[in-house]
1. Provide the gained length on full extension for the span Ala193 to Glu33, in nm with one decimal, where the gain is 0.36 nm per separating residue minus the Cα-Cα distance.
2. Ignoring everything except DSSP H segments at least 4 long, calculate the 222 nm mean residue ellipticity for the chain; use -39,500 (n - 2.57) per segment, divide by total residues, nearest 500.
3. Per residue, how large is the accessible surface of the range 5-219? Use a 1.4 angstrom probe and give square angstrom.
4. Which one, Leu134, Leu78, Leu16, has the greatest fluctuation when you compute a Gaussian network model over the chain with C-alpha springs under 10 angstrom?
5. Rounded to whole Å, give me the distance from the Cα center of the range 117-164 to that of the range 15-74.
6. Of Arg123, Arg186, Arg156, which is the most mobile in a GNM of the chain whose springs link Cα atoms less than 10 angstrom apart?
7. List the lysines whose Cα sits under 24 Å from the Cα of Lys149, skipping any in the same chain fewer than 8 residues away.
8. Compute the length gained on full extension between Glu111 and Thr201: take 0.36 nm times their separation in residues and subtract their Cα-Cα distance, giving the result in nm to one decimal.
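The values are calculated or read from the model by the stated rules, or taken from the named source; none is laboratory data. Keep in mind it's a predicted model, so treat the numbers as computed, not measured. Keep in mind that these areas ignore ligands, DNA and RNA; they rest on the heavy atoms of the full protein, side chains included. Shrake-Rupley method; radii C 1.70, N 1.55, O 1.52, S 1.80 Å.
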Amino acid sequence: MSAGWADVDAFIADRLIGGDPALDAALARNAAEGLPAIDVSAAQGKLLHVLARGIGAWRLLEVGTLGGYSTIWLARALPGHGVLVTLEIDPHHAEVARANLDAAGIGDKVEIRVGPAVETLSRMEAESEGPFDLVFIDADKPNNVAYLKAALALTRPGGLVIVDNVVREGRVADAASGDAAVLGTRALFDAVAAEPRLTATAIQTVGSKGWDGFLIAVVDGE
Ligand code: SAH
Ligand code: DHB
Ligand code: MG
């Protein structure tokens with residue numbers, strides 16, 4: 001990673017984000033509990049927050065909780081009656097996230113559902129648990145198409161579907177890649193392109209987390 005990218009992320013965080021004891025504590029607890037440091041960056045977390053606030057979201061869905069760092073950014077965008085459902089396969093990750101969310105003071109707005117997200121999402125669809133205003137997909141990349149289809153079924157017209165890690169240092173553009181994560185992400189782009197109900201783009205990002213990107217789609221039909 002270029003040193004400059006991390007420096008600029010530090011500058012952005014200094015000017016626009018500032019110190020945040022709850023988020024710092026979450027990252028510290030994640031490290032102490034042995035979770036991988038693959039959370040979104042502060043600038044990316046705040047982007048999710050700004051987008052959620054911008055569309056007036058009050059029902060949020062996240063696929064891939066880890067220690068709840070992105071969850072805190074998203075949940076803070078909610079109005080008083082807002083809710084966030086976040087899906088996580090690893091019980092230890094979910095336990096650490098629960099502690100972080102409670103310590104951040106937004107635990108009462110967040111429900112963590114433990115299990116393989118494809119199964120949880122099918123149950124949510126079967127039980128008509130939607131619609132959500134925004135879905136953030138950030139879990140195992142080979143399942144990205146399944147997550148996209150579930151997200152589409154569970155999101156209201158005008159709602160947003162956002163997918164993390166769609167660039168991965170440019171590997172997404174390598175048509176010869178045999179990497180399961182790359183194949184899953186390339187399949188995601190094909191599925192989005194073939195979906196008439198979505199208007200989408202993807203934006204490359206650089207920063208403290210290296211070179212990556214978000215796919216951002218709006219559900220048509222409002
Ligand atoms: N959104 C988090 C980072 C998530 S990392 C943040 O930015 O703070 C990806 C998470 O997805 C990990 O915690 C991993 O355990 C979880 N995950 C992987 N496969 C999954 C699956 N099949 N179902 C649900 N969660 C899964
Ligand atoms: C990985 C997963 C992520 O969601 C991320 O943001 C960065 C890395 C990973 O599995 O390596
Ligand atoms: Mg990610």
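1. Net length gain for the segment: 53.7 nm.
2. Theoretical 222 nm ellipticity from helices: -12500 deg cm²/dmol.
3. Per residue, the range 5-219 has an accessible area of 44 Å².
4. Leu16
5. Answer, in whole Å: 19.
6. Sorting by GNM fluctuation, first place goes to Arg123.
7. Once the sequence-local lysines are set aside, what remains near Lys149 is Lys141.
8. 29.5 nm
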